[in-house]
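A short reminder: the numbers here are calculations on the coordinates, not readings from a lab. Note that the structure is a prediction, hence the values are computed from the model and not measured. Here Cβ is always computed from backbone atoms with ideal geometry, including for glycine, and neighbour counts include all displayed protein chains.
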Amino acid sequence: MDRHKLLIGEMLRLSSRNFRVKPVRAALTILGMSVGFGVVLFLVSLGYGLQYILIGNLVTTQDSLVTMEAAYSNETNLTFSTKAVADLRSLPNVAEVVPIADVPSGEVSQSGVGRPAVVDIQIIEPAYFRLSGTAPTLGTVYSTSSPGVVLTSQALALMGLPTTTASFAYTVNLVVNYEDALRATTTQTKSVSDLPIVGIISDDTKAAEALIPPDAVALQPTFYQSVLVKANSVDSVEKVRNELTDRGLIVSARVDLVNQARQITNIITIVLGVFGITALFVSAIGMFNTMIVAFMERTYEVGVLKSLGASDADVRNLFLLEAAMMGFLGGAGGVAIGFLTGQGINLALNIFATHMGGKAFTLFITPLWFVGLTIVLAIIIGVISGAWPAYRASQLSAKEAFLQR
């Protein structure tokens, strides 16, 4: 008997016939696949969202990723002199050094009215915010051209000022009580008048602090408690860290926290993915069962096709194409279910957070590459599920197919 290859249009029409003849069974199979893939996408999106939230809070600027904070241990009672800071700036692989002068028991008060509140005053350059990854919740940071003060919410509360943008209309006076290098006695006291409030750090875990630029005070600090050291690149972080530790400094790098956070979130994502794959495996079994039943019900159809000249490859491809179409629809449905569910929860959480006075955030993040991977994986699983029925169908002769009807 002459054999001929079925055309693409004929293949598609015959492969989709089961969707028309058994629509309920096909729909339920696709729904089962969609739920499985939807669970996978939903859980992986949750894992990516948690990673984004955690690491995003650790790395607010690119420079903070290659910046280390260095200080002497409290037991040594050592500090950094201006010469020591200059020496650090001359080290190889060091791009920037920002010294931090922490002046405890300073005073801040609203200009012209109110009693002063006791706060910690930090005298730091504007680059501190960029290197440390610290940013005011409201307002902006000060600069050389625009001097000002950044206050924590605790400091504003002590002065009786609101922790909102309304405080930007006020100016403050500060009293800086300088200590000697041993932090034992106060050496000099300097006042700063009418410094505008430019930023607010709304973090209740932070103590009452006032951050001011060095240019705001007439007397510059003679020593610093700690420094921020920025490496030239990520590859240079370890070299700079080793140089600092060799000098007896205690060094903490934000990149370490990021790596630890990434390890934790990767484990969480893997665990969530295992749960999702379990649901997907159950769905794949359901699809395999559907293809087996379809094969058993269509032996007569296979016999007709074989008697009309369809080749073994034609019959095999018909079943594989049907399985691939079912897998594609299941994957597309899973993407829709997982994505829409995640976005719905994001919307609900943001509405709730905004209503409670918090900040909006995104808990579910779906990477585009994973959407494409989901569709491809769905098609592959569909083809695998239909491989054995397709092989059995291709091996049937026309006579065997008619006898098994």
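Of (i) 37.6, 122; (ii) 33.7, 109; (iii) 20.2, 57, which one was derived for Rg and Dmax of the Cα atoms in Å from the structure shown?
(ii)
If you rank I121, I292 by fewest surrounding Cβ atoms within 10 Å, what's the result? Intermediate values should be presented prior to the final figure.
Values: I121 26, I292 15.
Ranking I121, I292 by Cβ neighbours within 10 Å, fewest first, gives I292, I121.
Once Rh is set to the Kirkwood radius over Cα pairs, what Stokes-Einstein translational diffusion coefficient, in µm²/s, holds for region 73-248 at a temperature of 10 °C and a viscosity of 1.306 mPa s? Show your work: numbers first, answer last.
Values: Rh = 17.1 Å.
For the chosen part, D equals 93 µm²/s.
Name the most mobile residue of V118, V24, V98, meaning the one with the largest mean-square fluctuation, in a Gaussian network model of the chain with Cα contacts below 10 Å.
V24
Structure shown: which of K83/K206; K83/K239; K83/K230 lie over 26 Å apart, alpha-carbon to alpha-carbon? Mind showing how you got there, number by number?
Working: K83/K206 31 Å; K83/K239 22 Å; K83/K230 18 Å.
The pairs that break the limit, which is 26 Å between Cα atoms, are K83/K206.
From the Cα gyration tensor of region 295-390, with a ≥ b ≥ c the square roots of its eigenvalues, which class applies: rounded if a/c is under 1.5, or else prolate if a/b is larger than b/c, or else oblate?
Numbers: a/c = 6.37, a/b = 4.03, b/c = 1.58.
Note, shape of region 295-390 comes out prolate.
Taking K and R as +1 and D and E as -1, what net charge do the other residues with C-beta under 13 Å from the C-beta of V108 add up to? Each step should come with its number before you reach the end.
Details: positive: R115; negative: E107, D120, D194, E209.
Surrounding charge for V108 is -3.
Can you give the net charge of the other residues whose Cβ lies under 11 Å from the Cβ of L131, counting K and R as +1 and D and E as -1? Walk me through the numbers on the way to the answer.
Numbers: positive: R130, K230, R254; negative: D63, E69, E96, E125.
Around L131, the surrounding residues sum to -1.
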